1. Please report the carbon-and-sulfur percent of the accessible area for the range 33-74; probe 1.4 Å, protein heavy atoms only, DNA, RNA and ligands left out.
2. Going by average Cβ density within 10 Å per residue, which order do the peptides 83-91, 37-45 take, highest to lowest?
3. Charges at C-beta only: +1 for Lys and Arg, -1 for Asp and Glu. How large is the resulting dipole of the chain about its Cα centre, in Debye rounded to 20?
4. What's the center-to-center distance, using Cα atoms, between the range 94-110 and the range 24-83 in Å?
5. Apply the Debye scattering formula to the chain, with a single equal point scatterer on each alpha-carbon and no solvent, then give log10 I(q)/I(0) at q = 0.15 Å⁻¹.
6. Check LEU105: other-chain or 5+ apart residues with amide H under 5 Å from its amide H, H built from backbone geometry?
7. Just grab the label-to-label distance for ARG162 and GLU68, each label 7 Å out from Cα along the Cβ direction, in nm (one decimal).
8. Mind checking the full-extension length gain between ARG4 and THR172? Use 0.36 nm per residue of separation minus the Cα-Cα distance, one decimal, nm.
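The values are calculated or read from the model by the stated rules, or taken from the named source; none is laboratory data. In this text the structure is predicted, and so the values were computed from the model without any measurement. FYI the Cβ positions are ideal-geometry reconstructions off the backbone, even for glycines, and counts take in every protein chain you see. Ligands, DNA and RNA are excluded from the accessible area calculation, which covers all protein heavy atoms including side chains. Shrake-Rupley method; radii C 1.70, N 1.55, O 1.52, S 1.80 Å.
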Amino acid sequence: MQTRSERTREALIRATAELIADGRPADAGLVNICRRAGVSRGALYHHFSSTAALAAAVHEQARSRLEELVDAAFSGAPVDAPERFCLALTEALGTDKIVRAGMELAPDGSAGPPRLRDHLMSLLRDRVAAAHETAGRRHGAPPEDLADLAVVLAAGIETLGRSEPGWWDGDTSRRLWGLIRPLFPQADGGHRSLP
């Protein structure tokens, strides 16, 4: 069971994430955060030295959740990993405001580069290239090109969903992967689709 202090801290993080996810980082100012969390300014400053430190906590939680998504996606068959990751990412963006907000933030809690989104896309590119190193070369598709294609799809869905959340629907991601899946070699030489 969480203590009152832990609940207050989590309420502040959640309020900050909601303000950023539903708007932009500049919306997460002191008054808005305290009002949304239902706490005093003193409570905010008891837990965080500044609103930037609070936004950095949102970034940290989002980074942890996203790295878990990457690890889970790439723990199975590596050739299906990019599709699994994109499906998990679209679900997280549509349902998890901490993830959605964190994507917009740098480790210091600012909106400036490098944002979590940049880190995630770099991580995705590296993991896809490594997963397709052998199979891609054997089938004539350079792994770097496959990695770039996976990043373009993931980044495009993430960006477009900010103005039209329908892009974060799993069916949209599945439909788009259905179009590009034939470009990704499979371990057995064929092409598979996820259920």
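1. After summing per-atom areas, the C and S share lands at 47 percent.
2. In descending order of packing, they fall as 83-91, 37-45.
3. Value, rounded to 20: 520 debye.
4. Comparing the Cα centres of the range 94-110 and the range 24-83, I get a distance of 5 Å.
5. After summing over all Cα pairs, the log10 values are -0.86.
6. Under 5 Å from the amide H of LEU105: LEU116, ARG117.
7. Using points 7 Å along Cα→Cβ, the separation is 2.5 nm.
8. 56.4 nm
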